[in-house]
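Beneath this line is the structure, given in structure tokens, with notes to follow.
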Amino acid sequence: MQSELTEKILAGDVRAAARLMRGIEDDSPGAIDELKNLYAHTGRSYIVGITGAPGVGKSTLLDALITSFRQRKLTIGVVAVDPTSPYSGGALLGDRIRMANHTLDKEVFIRSLASRGWSGGLARATLSFIHVLDAMGKDLILVEAVGSGQGEVDIGRMADTTIVVLSPGAGDEIQMMKAGILEAADIFVINKADKEGAENLRIQLEQVLSLAPHSSYDWKSPILLTAVINRIGIEEVTQAIFDHKQYLISTMKIEQRRKQRAMFELIEVIEHSLRTKINNILKAKDFQDLGEKLAVKQIDPYSAAENMMGTTLSRNQTTHRQRK
Ligand SMILES: Nc1nc2c(ncn2[C@@H]2O[C@H](COP(=O)(O)OP(=O)(O)OP(=O)(O)O)[C@@H](O)[C@H]2O)c(=O)[nH]1
Ligand SMILES: [Mg+2]
């Protein structure tokens, strides 16, 4: 059944989309119903992930890319995940200012997703935001996420094209990248090329990449130098995104990526649901009362867990139940 909200989102209504996104952030059951409705209408947008250490210039690049895509008349959706990095000390405001060039453009819809206070499920929420933008009919969806540890790998699983941004002087960036980001990057951008050390960083990166084992994946991720604040190198990044898209399409790897993304989302949804279920069990009064019973050996933890979860753990009990 198509709801009114779904209809509006499909028609590109910004307020309806914003409402659903709030529902997603609040984890409301109503939002899940809408997402179920929307899902069949998604899959048309092209998703570009932008990740990298705090302060390397992800938002500045993103802003420049929006301008570049708008010149090509493409419609844009943006999800900025956790824009409040410690580096720039609450850059949410900064991001807003940086992207202010586009606030009057109806075809650009920008939303932040705060990662604070989320106990897991961030990837799931990001994917849900992507679905909303997709259903609105955006040609391109840009996702900015600070890459530190696991986060980077996640963006690689969400995007069609993943851009990893580095900048000179940010310390142990290459070191940090060995944690799995190398494989996730389709395009490397070394930003702040106006500063000393950019060329050096490129050489270091090339060395690290040459050591990486070659896979059957025959796209060679380019390393592009930019000085985004001086508007240098942006066209090359834009072109690399289109080239990579073309590569994915012509090799039919795009379907493979999208299937992997769908499976990743499914796992995220399952994990989130189970986590919620566990939390509910741990909050229940029955659970609180169990401590006493366990202490005086009135019940054993296995049977108690079985009762709480409504499942059986031991073979004995299964046969016992089957016999009944
Ligand atoms: N010198 C120089 N500074 C730049 C360049 N691009 C961005 N910056 C500056 O770097 C700082 C951080 O830029 P952001 O775009 O906020 O970086 P970010 O990666 O989005 O940062 P977080 O979202 O906080 O992780 C800002 O002060 C930018 O003006 C560049 O090409 N050269
Ligand atoms: Mg940013």
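Only one entry in Glu255, Glu265 is within 20 Å of the chain's Cα centre (by Cα) and closer than 30 Å to Ser28 by Cα, namely Glu265. Set side by side, the residues Ala64, Ala40 differ, and just one is small (Gly, Ala, Ser) and either in contact (Cβ under 8 Å) with a residue 24 or more places away in the chain or closer than 20 Å to Val146 by Cα (or both), which is Ala64. For the stretch 288-297, state whether one or more residues are touching a residue at least 12 places away in the same chain (Cβ under 8 Å) and surrounded by fewer than 16 Cβ atoms within 10 Å (Cβ to Cβ). No, every residue in the stretch 288-297 fails to be touching a residue at least 12 places away in the same chain (Cβ under 8 Å) and surrounded by fewer than 16 Cβ atoms within 10 Å (Cβ to Cβ). Between Ile141, Ile163, the distinction of being under 22 Å from Leu224 (Cβ atoms), away from ligand 1 (no atom under 16 Å from the Cβ), modelled with pLDDT of 90 or more and outside any loop (DSSP other than H, G, I, E, B) belongs to Ile141 only.
Note on the stretch 32-84: residues that are more than 16 Å from the chain's Cα centre (by Cα), closer than 24 Å to Leu182 by Cα and hydroxyl-bearing (Ser, Thr, Tyr) amount to 1.
The values are calculated or read from the model by the stated rules, or taken from the named source; none is laboratory data. Computed from a prediction, not measured in an experiment: that's the story for all the values here. No Cβ is skipped: glycine too gets one built from the backbone with ideal geometry, and neighbour counts run over all protein chains shown.
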